[in-house]
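The values are calculated or read from the model by the stated rules, or taken from the named source; none is laboratory data. Values in this document were obtained by computation on a predicted structure and should not be read as measured data. So basically every Cβ, Gly included, is an ideal-geometry build from the backbone, and we count neighbours across all protein chains shown. SASA here: full protein model, heavy atoms, side chains in, ligands and nucleic acids out. Shrake-Rupley method; radii C 1.70, N 1.55, O 1.52, S 1.80 Å.
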Protein chains: 2
Amino acid sequence: MNRMESSFAIIAEPNRRSILSLLAASECSVGELERQLRMPQSSVSKHLRVLRDAGFVEARVEAQRRVYRLRPEPLMEVDAWLTPFRRFWTAHVDALERHLDRMDQTPSTPTKGKKR
Amino acid sequence: MNRMESSFAIIAEPNRRSILSLLAASECSVGELERQLRMPQSSVSKHLRVLRDAGFVEARVEAQRRVYRLRPEPLMEVDAWLTPFRRFWTAHVDALERHLDRMDQTPSTPTKGKKR
DNA sequence: GGGGTATATGCCTTGACGAGAATATGAGGC
DNA sequence: GCCTCATATTCTCGTCAAGGCATATACCCC
């Protein structure tokens, strides 16, 4: 019924990343998320639904509230995918810094340790 | 003109992740990617375009070929975003394993000693 | 049981994006 | 100059998901 969405597709949504970040700090009810994110309740619920289906969060019923908490597995998967790429910034840090320098100083800001 | 796409949205696309994985192994021309991924050339070019605009790759012109290579910055950004979440699987590894067990054995397999 | 609160769901519209085919650009060799 | 190979771009079409609104469900307190 539900197309197995990849974890990457799930966290492509900025609001969902915000939700996850809040939940990383502490578990929250829907209403708390709604207030902190300043978004309509139905949106929050729908995003939570997606996150729950994908295993990013789980809910605990507490009276009328649903308290959501983080589940780490899907993010671990993302973390694992990154592994082969990490050598690009753990090994050649210096080469990277050159790149970053080139990037950061778009047009102006000529100071900043220009190693030319 | 181009909506500043988040790095997360870029890697939400499976084909783009495949391209990145191949490039993590070694730099490639468009034709090599086309053959390895078995996808039409126009698709490869279009995905590369997106990846290039987002800074994931850069191209070097070599005769008629364009050789693409990885650029680490955007993936570093993703890696950085994951930081606050890492404590969830570096600290409570045991609690996690319980969760994983519950997940893996979807409907059947009521026994609990599952040590993958 | 009724009213209020908290959350979920269904419908609909709109916009984004990927796939595919066709075409354009550009370089090299004859 | 022309032909061919390698890559990029354009267009159209179909799909799919997000947002907003309205509504449904579930719980609590009186």
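Observations
- Filter result (away from every other protein chain (no Cβ under 14 Å) and open to solvent by 20 Å² or more (accessible area, probe 1.4 Å)) within the range B:61-86: B:V61, B:E62, B:A63, B:Q64, B:R65, B:R66
- Scanning the range B:3-14 for any residue that is out of contact with any His (no Cβ under 6 Å at 6 or more places or on another chain) and among the basic types (K, R) turns up at least one such residue.
- Members of the range B:34-68 found to be within 11 Å of DNA strand C (Cβ to nearest atom), farther than 20 Å from B:I11 by Cβ and touching a helix residue (DSSP H, G or I) at 6+ places or on another chain (Cβ under 9 Å), listed by number: B:P40, B:Q41, B:R65, B:R66
- Yes/no for A:V78 being away from DNA strand C (no atom under 12 Å from the Cβ), among the β-branched types (V, I, T) and touching a Ser or Thr at 6+ places or on another chain (Cβ under 8 Å): yes
- Members of the range A:20-40 found to be open to solvent by 30 Å² or more (accessible area, probe 1.4 Å) and within 14 Å of another protein chain (Cβ to nearest Cβ), listed by number: A:S21, A:L22, A:A25, A:S26, A:E27
- Condition met for B:E34 (charged (D, E, K, R), within 14 Å of DNA strand D (Cβ to nearest atom) and at pLDDT 90 or above): yes
- Test: residue in the range B:92-109 that is surrounded by 12 or more Cβ atoms within 10 Å (Cβ to Cβ), under 17 Å from the mean Cα position of the chain (by Cα) and at pLDDT 65 or above: no
- The single residue among B:E5, B:E32 that is more than 15 Å from the chain's Cα centre (by Cα) and under 30 Å from A:L20 (Cα atoms) turns out to be B:E5.
- With respect to (1) in contact with an Asp or Glu (Cβ under 9 Å, 6 or more places away or on another chain); (2) closer than 12 Å to A:P74 by Cβ; (3) among the β-branched types (V, I, T), the lone exception for A:I11 is condition (1).
- Test: residue in the range B:1-13 that is within 24 Å of A:R86 (Cβ to Cβ), away from chain A (no Cβ under 11 Å) and either out of contact with any Leu (no Cβ under 7 Å at 6 or more places or on another chain) or open to solvent by 50 Å² or more (accessible area, probe 1.4 Å) (or both): no
- Residues that are within 14 Å of another protein chain (Cβ to nearest Cβ) and more than 19 Å from A:S6 (Cβ to Cβ), drawn from the range A:41-58: A:E58
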